[in-house]
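Everything below concerns the one structure shown next.
Only the coordinates and a few stated rules stand behind these numbers; no lab work does. Note that the structure is a prediction, hence the values are computed from the model and not measured. FYI the Cβ positions are ideal-geometry reconstructions off the backbone, even for glycines, and counts take in every protein chain you see.
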Amino acid sequence: MDRREENELLTRTGPGTMMGDLFRRYWIPALLARELPGPDCQPVRVELLGERLIAFRDTEGKLGLIDEFCAHRRVSLWFARSEECGLRCAYHGWKYDTTGQCVDLPSHPDHAQRIRLKSYPCLEQGEVIWTYMGPPELQPAPPAYEWSLVPGERRFISKRLQECNYLQAVEGGIDSSHVAFLHGGALRNDPLLAGSKGNQYTDQDRAPVFEIEEFSGGLLIAARRMIDGERYYWRITPWLAPFYTLIPPRGGNPVSGHAWVPIDDEHCWAWSLSYHPRRPLTDRERAAMEAGHGIHVRYVPGTFVPQANKANDYLMDRNAQKAGILYSGVEGIGMQDASLQESMGPIVDRSLENLVSTDRGIVMMRRTLMRAATANRSGGEIPGLDVTAQQVRSCAIELPCGTPFQEGARAGLFPELFSEPVTV
């Protein structure tokens, strides 16, 4: 298989594709729970893995995620009325319940039971509405990611639209080598990154050495930097199949991560997850997140579109770039990453890349995805479904030279739930 063929397989997630079939085996973050705030609230359009769906909460509070379009004349059910445990199409009054079953067909009542729309099961956990889009007989246990299990006061979740293929975003999430450059200003100034010795270590060694370790959930991507000739500073970023990246913490600040969920092949949802396993977030931390600091962003009002976006050149400030305040001229970690990932085009042509040793994690992640997709097609095991694998954590740690990170950082990577993070 040449690199163009591999790129095609890795980036396509619609129905019937190898990656699409793989991703459908997992519980997928579909909406923030607050998007469906109460019974019979307004339905919400949802697009996931190239499928157009409609989400709603019925009169009894049950969640539904069904085909967006009425089975009659394919009218969008976003215009439907939420009433009496169902959605009633505004065109001819056909009504559907949360399973997609037509429960009322006014013009031909005896035909209703013959009509059923595609539907997917949903559950609500950790302020997120999750869906499972795969074969019903293979539905896994509910998700067990630590950030989704902590009490609400310990967690802050946001999402934003990113205008590129999911894989470009995932690859950025596991690439520690760009941090000293692109995010150098944020390491000095962002209130959610301050107070870490790791900021100094990152700045003084801009050529990290990467080591990669497989585990049952995916990969541990470890970047080491020299401190003083006797110790290394390790930042260990788990990639958890199929699209999660966990960011090593800095100082006593909250732990963070992302879920890069495909909308279609040219857009994804960048879910940004910040939490502290042990304590409530402080008012200062929560206010900083709401203001768009750390990995979070400010929005165009009433949307999940970042205020700094492709249409306005990400509000780039060339003067701040020249002055060294912002390395790329774009403010905010989230949009610093997104601006460059989107600049590659909707789907980057990976056959034109020139990869180097610091890209080892990216290469191995692609290979692991391909192996998992192949195993899925043949009925084999795939990574990241087991709940214990989902409870991996990122960590930042100082270790003596010669101590393998797999040993020295093990307690930080596979801790007891809700324990104190291992951080520098």
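Numbers below:
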{"item": "Centre separation in Å (Cα based) which lies between the range 1-57 and the range 281-311", "result": "23"}
{"item": "Cα extents of the range 288-412 along the three principal axes, largest first (Å)", "result": "49, 42, 36"}
{"item": "5 Å-binned pair-distance histogram of the range 248-348 (Cα, whole percent)", "result": "2, 11, 18, 23, 19, 15, 8, 3, 0"}
{"item": "Cα-based reach from LYS310 at 12 Å (exclusive), listing aspartates and glutamates while leaving out same-chain residues under 8 positions away", "result": "GLU163, GLU342"}
{"item": "Bins of 5 Å from zero: percent of alpha-carbon pairs in the range 86-197", "result": "2, 8, 10, 10, 13, 14, 11, 9, 7, 6, 4, 3, 2, 1, 0"}
{"item": "Å³ per residue enclosed by the Cα convex hull of the range 122-279", "result": "137"}
{"item": "Spatially proximal aspartates and glutamates relative to LYS95 (Cα-Cα < 20 Å; intrachain offsets below 8 disregarded)", "result": "ASP40, ASP58, GLU60, ASP67, GLU68, GLU83, GLU84, ASP104, ASP110"}
{"item": "Cα-derived Rg over Rh, computed across the range 37-138 with Rh taken as Kirkwood radius", "result": "0.95"}
{"item": "Alpha-carbon Debye profile of the chain, log10 I(q)/I(0) at 0.13 Å⁻¹", "result": "-1.17"}
{"item": "Least to most buried among VAL363, VAL103 (fewest other Cβ within 10 Å first)", "result": "VAL363, VAL103"}
{"item": "Degrees separating the helix 333-343 axis from the principal Cα axis of the chain, which is the longest one", "result": "70"}
